[in-house]
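Scroll down for the structure; my scribbles are underneath it.
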Amino acid sequence: MPRFMKIPMSPPDTDALLLSIVETGGSAHLAKLLRNPSGPAPDGRYLHWDELRRRQPPPDLGTEDWWFSVKAARRLLYKNTPFMDKAGRPFVFALVDPILALLHRIDRPTITPSSTATAESPAPSFTGPRSRRDTGCWNSCRSPAS
């Protein structure tokens, strides 16, 4: 039986949220949201709106206010790509600390002492993926010449 992936709920429009925040709370409320200590990755995780909306927001913030503050923090970290999203806008992504840590785990080679290594000059050697789980990524990331 085929399994179907649940399509996550789309996040609120950031521009509409900004307008609503300024209209209802003024610049003081906006400043408060921009100072939110959650940053771009609440609790050290990169959360999509569909996940974030199910969590308890920080004290004195509603879920949409919390989302706006997270998006504002991510916006400062955006990297451009040559791609467009389904609405025709440039596709961007944010390299937040949890993403960098995951990329490091993928990128990190396994180092084993070489048979020619001595105590004075250890010579680490690259042995490829650390486990069967890493093999798929390893094979998809290698250049054709390797």
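The values are calculated or read from the model by the stated rules, or taken from the named source; none is laboratory data. Because the structure is a prediction, the values reported are computed rather than measured. Here Cβ is always computed from backbone atoms with ideal geometry, including for glycine, and neighbour counts include all displayed protein chains.
Of the residues that make up segment 95-107, is at least one more than 14 Å from the chain's Cα centre (by Cα), modelled with pLDDT of 95 or more and assigned to a helix (DSSP H, G or I)? There is no residue in segment 95-107 that is more than 14 Å from the chain's Cα centre (by Cα), modelled with pLDDT of 95 or more and assigned to a helix (DSSP H, G or I).
If the condition is being surrounded by 10 or more Cβ atoms within 10 Å (Cβ to Cβ) and either of a type in the set (A, V, I, L, M) or in a helix (DSSP H, G or I) (or both), then segment 81-94 contributes 84, 92, 94.
Here's the yes/no breakdown for (1) without any contact (Cβ under 8 Å) to a residue 40 or more places away in the chain; (2) among the basic types (Lys, Arg); (3) out of contact with any strand residue (DSSP E or B) (no Cβ under 7 Å at 6 or more places or on another chain):
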residue	(1), (2), (3)
5	yes, no, yes
18	no, no, yes
22	yes, no, yes
38	yes, no, yes
48	no, no, yes
53	no, yes, yes
56	yes, no, yes
64	no, no, yes
68	no, no, yes
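Can you report the number of residues in segment 27-58 which are on the phi > 0 side of the Ramachandran plot and not in a helix (DSSP H, G or I)? I'd like the intermediate steps shown before the answer.
Taking segment 27-58 first, the residues on the phi > 0 side of the Ramachandran plot are 39, 43-44.
Checking the rest, the ones that are also not in a helix (DSSP H, G or I) come to 39.
Total satisfying the criteria: 1.
Please tell me if residue 78 is hydroxyl-bearing (Ser, Thr, Tyr), under 19 Å from residue 100 (Cβ atoms) and surrounded by fewer than 16 Cβ atoms within 10 Å (Cβ to Cβ).
Yes: the conditions hold for residue 78.
One residue is enough: does segment 48-63 have a residue meeting the conditions exposed (fewer than 14 other Cβ atoms within 10 Å of the Cβ), in contact with a helix residue (DSSP H, G or I) (Cβ under 8 Å, 6 or more places away or on another chain) and at pLDDT 95 or above? The answer is yes, given that some residue of segment 48-63 is exposed (fewer than 14 other Cβ atoms within 10 Å of the Cβ), in contact with a helix residue (DSSP H, G or I) (Cβ under 8 Å, 6 or more places away or on another chain) and at pLDDT 95 or above. The single condition among (1) touching a Gly at 6+ places or on another chain (Cβ under 8 Å); (2) more than 14 Å from residue 21 (Cβ to Cβ) that residue 70 does not satisfy is (2). Residues in segment 1-16 that are under 16 Å from residue 48 (Cβ atoms) and part of a helix (DSSP H, G or I): 1 in all.
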